[in-house]
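Q: Before I ask anything, let me first share the structure, which is written out below as structure tokens.
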Amino acid sequence: QVGPIFTSNCATVKCHDGSAEFDLSSYETVREHVKPGDARGSSAYRAITTLKGESAMPPNGPLSQQQINLIYVWIMQGAKDN
């Protein structure tokens, strides 16, 4: 459920598709930006919850609260590849 959120909203051309240092194009690269069990300490989570300014992600508009909650729970439960 989480993978498609990152794929369709973050790992897009000229964003986080592997061409930037903050790569979110695969489970392995997403995990580099996640601290399992610590959503607020995870750079990927902080990026999607910053709602204003240049740091607001994704640039096309914020994720829904449901998507943010799903990512939060996924990280807090260990950010497993399942």
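The values are calculated or read from the model by the stated rules, or taken from the named source; none is laboratory data. Only a predicted model underlies this, so the values are computations on that prediction, with no experimental measurement involved. Glycine also receives a Cβ, built like all others from the backbone with ideal geometry; neighbour counts cover every protein chain displayed.
Q: Quick one: which helices (runs of 4 or more DSSP H) sit completely within the chain and have at least 3 residues that are modelled with pLDDT of 85 or more?
A: In the chain, 27-31, 43-49, 65-76 are the helices (runs of 4 or more DSSP H) which contain 3 or more residues that are modelled with pLDDT of 85 or more.
Q: If you check every pair at least six apart or on different chains, which have Cβ atoms under 6 Å apart with a residue in segment 62-77 that is closer than 14 Å to PHE6 by Cβ first and a residue that is at pLDDT 95 or above and among the aliphatic types (A, V, I, L, M) second?
A: Sorted first by the residue in segment 62-77, then by its partner, the pairs are TYR72/ALA39; ILE75/ALA39.
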